[in-house]
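The values are calculated or read from the model by the stated rules, or taken from the named source; none is laboratory data. The structure presented is a predicted model; accordingly, all values stated were derived computationally and were not measured. Positions of Cβ are backbone-derived with ideal geometry, glycine not excepted, and every protein chain shown enters the neighbour counts.
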Amino acid sequence: MEDRQDVMRGLTAKLRTLGWNLISRADRFMNRLYSSRFNPLYHSGALVVLLLIVLLLTGLYLLIFYRIGEPHASVTRITDQAWLGRWIRSLHRYGSDAAVFAVAIHAFRLFAQGRSWGPRTLAWLSGLVLLFVLLVSGWTGYVMVWDVQARLLAVEGARWLDVLPIFSEPLGRAFVGEQAIPSAFFFLNLFLHVALPVGMFVILWIHVSRIARPGLLPPRGLMWGTLGLLLALSVLWPIGMDPAADAFRIPDRATLDVFYAFWLPLTRVMPAGTVWVFGLSATAIALAAPLWTRPATEDKAKPSAVDARLCTGCEQCYLDCPYEAITMRQRTDAREGVYAVVDPALCVSCGICAASCAPMGIGPPGMTGRDQLERVEAFIRLVPPDPRDVVVVGCARGAAGFETLAAKDDNGGDPAVHTPGTVDGSRIFQVPCAGNVHTSVIEYLVRAGVGGVLVVACHPRDCWSREGPRWLEERMYHDREAELKERVDRNRLRVFHASAGEHPELAGALADFRDSVRRLAEAEAEAAIDLELECEAAELQEAGS
Amino acid sequence: MSRVRVASAVLVALLMTFAIGALSQVPYRAESAGQAWIRLSWRVSAPRVEECRTLTPEEIAALPIHMRRKEVCDSEGLPYRLRIDLNGEGVEETVIRGAGTRGDRPIYVYRELRVEPGRHQIDVSLTPEGGGEASTGHAPTEALELAEDVDLADGDVALITRSEAGKLVVRRAEP
């Protein structure tokens with residue numbers, strides 16, 4: 001049994017690594033083109049929400065002109081409206097296609113990042129439901145047009161349902177031309193096409209219910225860029241009309257929307273029972289992902305714990321937690337006020353709370369501020385500080401992470417055993433997330449005599465813990481609790497954002513910062529020269545000679 | 001940002017947009033050319049075959065008071081035999097029973113024959129099993145029969161169904 005679990009975990013790990021390598025390369029490529037702020041791969045979820053809004057607005061317009069009594073004719077009339085109807089219909093169609101594309105990227109990304117289990121299970125499952133509802137809603141939308149493709153989809157759907165022992169007569173008979181298709185069929189389609197998207201917004205609310213401050217819309221530049229491109233596509237390449245569905249003609253030629261009907265060429269040649277077996281198996285595998293993607297119990301990070309004696313009730317961890325896993329409760333001991341309580345079912349063990357706590361009273365075991373200080377002390381003992389070099393404090397999942405460097409670096413290993421790896425000659429002090437770095441660690445490094453500290457975080461919209469880079473920046477430069485003390489020389493600090501695939505960019509930033517640190521060291525050495533003493537020494541030397 | 005990078009960014013955005021447009025309307029040939037279909041689709045409300053039995057006084061006494069009756073009956077729809085011949089060759093001969101778990105729903109026929117375009121002789125019959133009268137005790141049930149030559153062009157679909165008068169007819173696309 002354990003062997004089988006190990007094999008499953010091995011397979012999952014290989015699959016994830018493959019996906020992660022693919023994503024890392026794609027991220028780097030898109031970051032170079034659009035910058036991390038406008039990288040559409042980082043905003044796939046928000047783009048879906050934007051596109052759903054576009055579908056809602058364009059759908060309202062189409063609804064005004066659609067007639068269930070003459071579906072094909074009414075859609076043809078809409079398409080014939082050269083100035084508005086044609087491109088609104090096209091925008092509705094292209095927007096729905098882009099939404100499926102964005103959902104696929106979003107789901108694949110989270111799977112490859114291992115963000116599909118534990119407290120994230122609800123988001124994963126509700127996301128799958130959203131995808132299912134989106135596909136079914138699209139199906140009803142295509143059937144509403146009642147052209148050749150619509151008939152193919154309707155007949156195929158009826159063929160699947162007819163193998164279920166719940167209908168006394170085959171549904172497929174409705175489409176053979178024995179009788180005119182009742183308006184009730186098109187009314188049902190229309191109802192579902194309107195009701196399902198409304199339901200989607202409810203599921204979307206569930207989808208983001210466990211995260212604080214969800215980013216529901218992409219940045220403006222990306223938003224207007226996406227809308228502009230889809231609008232241009234709609235105007236320049238509007239969707240045409242296939243011939244009306246005809247039960248007395250073999251549906252030989254049609255246009256196929258790959259995003260919604262990619263399965264049609266496959267399923268049409270399969271027996272309906274086989275389609276069910278494949279469909280249900282794929283669904284079961286996807287739904288069970290939280291089970292088969294979760295790490296072994298011993299590899300799982302433990303949820304945060306609070307040391308109530310140290311908690312001052314400042315609420316900073318409660319404010320910073322990206323997953324709303326922390327609540328403040330009234331104290332029951334002799335002290336007055338509130339203290340933080342972590343819900344282990346919601347905590348993803350990102351450790352962001354550890355960095356927001358000045359007295360270091362909260363965090364996952366091994367990741368609290370105190371644990372970090374112990375580690376950094378050991379680090380300094382192992383790596384004597386060099387005032388002309390830089391220590392890289394790197395997020396495990398970013399460009400300076402062991403997960404990405406292990407293959408390249410012989411010293412790469414488990415950071416818990418204090419075996420620092422290197423990136424271009426500089427030692428790495430690794431943390432699970434840049435948002436987990438307690439500012440005391442940075443201060444400790446600088447005061448120990450390290451030339452500079454380069455904190456390598458993921459890009460703000462690509463953080464596995466959602467808000468790590470944001471809070472890191474705030475704590476270092478904008479006095480957010482637990483802030484980096486003013487006494488720490490900011491010239492010796494730098495934050496750099498780099499995703500797992502951006503090693504060349506990291507190397508460039510590191511070289512640049514190292515130069516800057518060396519110039520600082522030289523300047524300090526020059527400033528330390530006592531000119532009077534130097535002159536006296538020179539005079540004495542001259543007199544002696 | 002260099003000009004090359006801006007141009008590349010624009011180009012990639014345009015390519016992705018074009019890909020969405022292209023994948024949204026891929027030409028698809030659902031069926032190969034050079035074929036025609038003959039569909040058979042109709043339903044028949046089959047008479048019910050009922051078998052009744054008088055309960056013994058002991059059986060009646062064993063029933064709850066509000067469910068006591070003298071006679072119990074089991075019924076199901078009369079089975080029919082479907083026979084399809086195409087160009088003189090038997091394609092199918094099956095006994096069809098009423099749909100539903102108790103077999104008391106109407107009988108339906110739903111078949112699709114794929115043929116080459118051209119002229120085809122089709123013979124279809126749906127006859128009650130056991131002659132009807134003997135088993136039901138009602139008036140004999142009429143058989144449905146059709147024997148017709150059908151001309152089918154490439155891509156045509158002919159539908160054999162029941163007319164309003166209840167006879168089997170061939171329906172074609174309206175010219």
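Note on the range B:144-157: residues that are within 20 Å of B:V44 (Cβ to Cβ), surrounded by 13 or more Cβ atoms within 10 Å (Cβ to Cβ) and of a type in the set (A, V, I, L, M, F, W, C) amount to 2.
Scanning the range A:333-348 for residues that are in a loop (DSSP other than H, G, I, E, B), surrounded by 22 or more Cβ atoms within 10 Å (Cβ to Cβ) and not β-branched (V, I, T) turns up just one, A:C347.
Please give the number of the condition A:Y323 fails out of (1) of a type in the set (F, W, Y); (2) within 28 Å of A:L47 (Cα to Cα); (3) within 14 Å of chain B (Cβ to nearest Cβ). Of the numbered conditions (1) of a type in the set (F, W, Y); (2) within 28 Å of A:L47 (Cα to Cα); (3) within 14 Å of chain B (Cβ to nearest Cβ), the odd one out for A:Y323 is (3).
Candidates A:T293, A:T312, A:T283: the one that is farther than 26 Å from A:M367 by Cβ and of a type in the set (S, T, N, Q) is A:T283. For the range A:488-520, a residue qualifies if it is surrounded by fewer than 17 Cβ atoms within 10 Å (Cβ to Cβ) and either in contact (Cβ under 8 Å) with a residue 12 or more places away in the chain or touching a strand residue (DSSP E or B) at 6+ places or on another chain (Cβ under 7 Å) (or both), and the qualifying residues are A:D489, A:R490, A:N491, A:A507, A:A511, A:S516, A:R518.
Can you spot a residue in the range A:426-449 that is farther than 18 Å from A:R375 by Cβ and in contact (Cβ under 8 Å) with a residue 12 or more places away in the chain? No, every residue in the range A:426-449 fails to be farther than 18 Å from A:R375 by Cβ and in contact (Cβ under 8 Å) with a residue 12 or more places away in the chain. I'm trying to understand the selection: among the residues of the range A:319-332, which are in a helix (DSSP H, G or I) and within 20 Å of A:R370 (Cβ to Cβ)? Hit for the range A:319-332 is A:D320, nothing else. Selection over the range B:46-62 of residues that are more than 30 Å from B:E164 (Cβ to Cβ) and either loosely packed, with under 10 Cβ neighbours inside 10 Å or within 42 Å of the chain's Cα centre (by Cα) (or both) gives a count of 8. The residue of the range A:210-255 that is surrounded by the most Cβ atoms within 10 Å (Cβ to Cβ), among those that are part of a loop (DSSP other than H, G, I, E, B), facing another protein chain (nearest Cβ under 7 Å) and in contact with a strand residue (DSSP E or B) (Cβ under 8 Å, 6 or more places away or on another chain), is A:A247. The residue list A:L445, A:L484 contains one member that is outside any helix (DSSP H, G or I) and among the aliphatic types (A, V, I, L, M), which is A:L484.
Starting from residues that are in contact (Cβ under 8 Å) with a residue 60 or more places away in the chain, of a type in the set (A, V, I, L, M, F, W, C) and more than 14 Å from chain B (Cβ to nearest Cβ), keep the ones in the range A:173-195 and report whichever is nearest to A:E156 (Cα to Cα). Only one residue tops the list, namely A:F186.
Only residues that are in a loop (DSSP other than H, G, I, E, B) and either within 12 Å of chain A (Cβ to nearest Cβ) or surrounded by 15 or more Cβ atoms within 10 Å (Cβ to Cβ) (or both) were counted in the range B:77-111, giving 12.
Within the range B:1-45, the residues that satisfy the criterion of being buried (at least 20 other Cβ atoms within 10 Å of the Cβ), modelled with pLDDT of 95 or more and more than 8 Å from every other protein chain (Cβ to nearest Cβ) are B:I38, B:L40.
One residue alone among A:V275, A:V258 is touching a helix residue (DSSP H, G or I) at 6+ places or on another chain (Cβ under 6 Å), away from chain B (no Cβ under 11 Å) and not basic (K, R), and that residue is A:V275.
Residues that are over 30 Å from A:R4 (Cα atoms) and in a helix (DSSP H, G or I) within the range A:286-316 comprise just one, A:Q316. When A:P387 is tested against (1) in a helix (DSSP H, G or I); (2) touching a helix residue (DSSP H, G or I) at 6+ places or on another chain (Cβ under 9 Å), just one condition goes unmet, and that condition is (1). Of all residues in the range A:97-126, none that is charged (D, E, K, R) has its Cβ atom under 6 Å from the Cβ atom of a residue that is outside any helix (DSSP H, G or I) and crowded, with 19+ Cβ neighbours inside 10 Å, 6 or more apart or on another chain.
Taking (1) assigned to a strand (DSSP E or B); (2) more than 13 Å from chain A (Cβ to nearest Cβ) in turn, B:R114 satisfies each apart from (2). Find the residue count for the range A:349-366, including only residues that are in contact with a strand residue (DSSP E or B) (Cβ under 8 Å, 6 or more places away or on another chain) and assigned to a loop (DSSP other than H, G, I, E, B). The total comes to 5.
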